[in-house]
């Protein structure tokens, strides 16, 4: 009888230790996730501040990041005249480029253009960026071989500028 009671107490103690270890691991995992996301959330906040100063963005609709040849952060939003704008910010030097959304193709048009070419199995992302000092859309996708591909499209007319396949 005492052996069973002792065994039962040991099992309880062992379970408590296991629960404590699992809880500790979950807490550590959450902290690591939070710390890993901190640089991107900081970049987003700084980019929004820059977009507000550079282009008078009042309502932010979307935030993009592209890192094909250089890293650019883009804030899409509207100004006080309700004009939709893209503010593209070079991560390295902070240089900004302001684009009117109605002077180029939309994100949906860029994605559809890549899909029309027939190579894209699944589109992963489309982001406004700068390539050779010109505004572009960079669309990343998986082809039918599940290889990563990037297509750079001219912002104004949607023509393909560069295609990087099977990365």
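A short reminder: the numbers here are calculations on the coordinates, not readings from a lab. Since the structure is predicted, the reported quantities are computational estimates derived from the model, not experimental observations. A quick note on method: Cβ atoms are made from the backbone with ideal geometry, for glycine too, and the neighbour counts reach across all protein chains shown.
Entry note, the chain: the mean residue ellipticity at 222 nm calculated from DSSP H runs of n ≥ 4, each adding -39500 (n - 2.57), is -14000 deg cm²/dmol after division by the residues and rounding to the nearest 500.
Taking neighbour counts of Cβ atoms within 10 Å as a proxy for exposure, in what order, fewest first, do 71, 152, 108, 96 appear? Please report the intermediate quantities before stating the final value.
Numbers: 71 14, 152 23, 108 9, 96 17.
Ranked by crowding around the Cβ, least crowded first: 108, 71, 96, 152.
Between residue 124 and residue 80, the FRET efficiency from the beta-carbon distance, with R0 = 35 Å, is close to 0.55. Volume of the convex hull of the range 1-76 (Cα atoms only), normalised per residue: 127 Å³. Sorting 126-132, 114-120, 144-150 by average packing, meaning the other beta carbons within 10 Å per residue, from highest down gives 126-132, 114-120, 144-150.
Listed by Cβ neighbour count within 10 Å, with the fewest neighbours leading, 88, 50, 164 appear as 164, 50, 88.
Kirkwood Rh over alpha-carbon pairs of the range 107-164, then Stokes-Einstein at 25 °C and 0.890 mPa s: what D in µm² s⁻¹, rounded to an integer?
Details: Rh = 11.0 Å.
Rounded to a whole number, D works out at 222 µm²/s.
For residue 32 and residue 133 in one chain, what is 0.36 nm times their gap in residues minus the Cα-Cα distance, to one decimal in nm? Kindly include the intermediate steps, with their values, before the conclusion.
Values: separation 101, 0.36 × 101 = 36.36 nm, distance 3.69 nm.
Residue separation times 0.36 nm, minus the Cα-Cα distance, leaves 32.7 nm.
Pop the C-beta distance of residue 17 and residue 71 into the FRET formula with R0 = 45 Å and round what comes out to the nearest 0.05. Intermediate values should be presented prior to the final figure.
Values: r = 45 Å, r/R0 = 1.01.
Plugging the Cβ-Cβ distance into 1/(1 + (r/R0)^6) gives 0.50.
Taken as Cα centroids, the range 139-155 and the range 69-122 sit 16 Å apart, rounded to the nearest whole angstrom.
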